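K.L.:
Pasting in a structure now, in structure tokens, and then I'll have a few things to ask.
The values are calculated or read from the model by the stated rules, or taken from the named source; none is laboratory data. A quick note: this is a predicted structure, and the numbers were derived from the prediction, not measured. Here the Cβ positions follow ideal geometry from the backbone for every residue, glycine too, while neighbour counts run over all protein chains shown.
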């Protein structure tokens, strides 16, 4: 073992005390001032760890032996824990999860964004803690007998053959297992990315938590779907909640499950979900927050931060199928949504019509280009941003600043990119007034954040 002041080397075994959690969920230990990120450890643990990567300024390690257990450590509930790469915080008590998530939001805003002096709400705890996801995506791999599950951590050729994932419902778990049984019965192989051969690629399941409607989207490589009519009939009979059974063909090398042409094998090409009293049509190609019940609380917090009085003109950027825009439309005079995915824009318009919302309009295009080219009769009173995990680009943020809206409500799924955007907004004359975390993803390091900015 190395002398205390030596930097650790790959394959070294070290005894470490974990004192914090890093952004992303690894335990943090310090050895003579040198930082070591430890996979599988929680704060308060004393562990023997093996160094897997030694860098110039830090090292990465994995737990080999738990020497003394943290009082905040709990037994994982999922049978696949430790093999599957998801839900890495299952060994941390939920109260501790929430506390560390709140701390990481603050640290990102202060240390990355250089933002201080804002009000921070108590985090909204997740309810329920299990079986909360309305969408799950699985991959096929050859395995011993055609596996279907989640990719092993760091690997794209092998998957964990999932039997019961506790993040989604018992019904959708049973559907996945039935689809795997059918795929095995056909004798067709899983897709091999390197050789571009095989058939079965992905399975995407979506469930309307408040409607009970289920979408099954089977993604394959090129070729004819085997015995499609009989398969569809049997699956629909076994699971009456299935309202949409579609087949998508991905004939590219890209290992992605959405964005491809699809054929309806049975039912409709969409399902419905209800959020905050509004009914939304959801297609295979469109985004919807993956935790329906917490999405309602997230959207109501965004509406609270907006402070609408009825006279405002609102911009909703990255507006998706209109879930935030249609909720806010009830409290403002007009709302304009901008979204790059044309199918989402089409559904947003349909959702507005179906919900009797007449003061909204939606346009398709990139946010930066749309904001540059749009002609306005009046300045927006509020801009809502709900960008993807990468955050808004610098040019997009600059366009938002140039709009000059008195208030901005920013809904973020990544506190670090929120912090970068917040720093640019501060340079452009906006002050972060208030922020609040919403735990949409218990047992994972991820957290959703709503923030209110006001023009100085």
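K.L.:
Every residue in region 23-63 that is under 28 Å from residue 417 (Cα atoms), assigned to a loop (DSSP other than H, G, I, E, B) and without any contact (Cβ under 8 Å) to a residue 40 or more places away in the chain, please.
P.N.:
Those that are under 28 Å from residue 417 (Cα atoms), assigned to a loop (DSSP other than H, G, I, E, B) and without any contact (Cβ under 8 Å) to a residue 40 or more places away in the chain: 26, 33, 41, 55, 56, 57.
K.L.:
Right, next: Residue 86: at pLDDT below 90, surrounded by 15 or more Cβ atoms within 10 Å (Cβ to Cβ), under 24 Å from residue 415 (Cβ atoms) and outside the structural domain of residue 162 (by TED's automatic domain parsing), yes or no?
P.N.:
yes
K.L.:
Can you tell me which residues in region 432-456 are without any contact (Cβ under 8 Å) to a residue 60 or more places away in the chain and more than 17 Å from residue 387 (Cα to Cα)?
P.N.:
Hits for region 432-456 are 454, 455, 456.
K.L.:
What is the one condition in (1) more than 26 Å from the chain's Cα centre (by Cα); (2) more than 19 Å from residue 313 (Cβ to Cβ) that residue 414 does not satisfy?
P.N.:
Here residue 414 meets the rest and fails (1).
K.L.:
For region 176-185, name all the residues that are within 29 Å of the chain's Cα centre (by Cα) and either without any contact (Cβ under 8 Å) to a residue 12 or more places away in the chain or in a loop (DSSP other than H, G, I, E, B) (or both).
P.N.:
Within region 176-185, 181 is the sole residue that qualifies.
K.L.:
Only one of (1) under 22 Å from the mean Cα position of the chain (by Cα); (2) modelled with pLDDT under 95 is not met by residue 146, so which one is it?
P.N.:
(1)
K.L.:
Which ones in region 74-115 are in contact with a strand residue (DSSP E or B) (Cβ under 9 Å, 6 or more places away or on another chain), over 24 Å from residue 133 (Cα atoms) and in a loop (DSSP other than H, G, I, E, B)?
P.N.:
113, 115
K.L.:
If residue 286 meets every condition in (1) in a loop (DSSP other than H, G, I, E, B); (2) touching a helix residue (DSSP H, G or I) at 6+ places or on another chain (Cβ under 8 Å); (3) at pLDDT 95 or above apart from one, which number is that one?
P.N.:
(3)
K.L.:
What is the one condition in (1) within 22 Å of the chain's Cα centre (by Cα); (2) touching a residue at least 12 places away in the same chain (Cβ under 8 Å); (3) not in a loop (DSSP other than H, G, I, E, B) that residue 165 does not satisfy?
P.N.:
Tallying (1) within 22 Å of the chain's Cα centre (by Cα); (2) touching a residue at least 12 places away in the same chain (Cβ under 8 Å); (3) not in a loop (DSSP other than H, G, I, E, B), residue 165 fails exactly one: (3).
K.L.:
Can you confirm whether region 119-127 contains a residue that is part of a strand (DSSP E or B), surrounded by 14 or more Cβ atoms within 10 Å (Cβ to Cβ) and touching a residue at least 24 places away in the same chain (Cβ under 8 Å)?
P.N.:
yes
K.L.:
Could you go through region 204-212 and let me know if any residue there is part of a strand (DSSP E or B) and either surrounded by fewer than 21 Cβ atoms within 10 Å (Cβ to Cβ) or modelled with pLDDT under 95 (or both).
P.N.:
yes
K.L.:
Residue by residue through region 263-284, note down the ones that are in contact (Cβ under 8 Å) with a residue 40 or more places away in the chain, within 28 Å of residue 231 (Cβ to Cβ) and surrounded by fewer than 19 Cβ atoms within 10 Å (Cβ to Cβ).
P.N.:
If the condition is that a residue be in contact (Cβ under 8 Å) with a residue 40 or more places away in the chain, within 28 Å of residue 231 (Cβ to Cβ) and surrounded by fewer than 19 Cβ atoms within 10 Å (Cβ to Cβ), then 272 is the only one that fits.
K.L.:
Right, residue 188: farther than 17 Å from residue 241 by Cβ, in the same structural domain as residue 252 (by TED's automatic domain parsing) and not in a helix (DSSP H, G or I) or not?
P.N.:
Criteria met by residue 188.
K.L.:
While we're on this one: Scan region 351-384 for residues that are in contact (Cβ under 8 Å) with a residue 40 or more places away in the chain, more than 23 Å from residue 451 (Cα to Cα) and under 25 Å from the mean Cα position of the chain (by Cα) and report the count.
P.N.:
2
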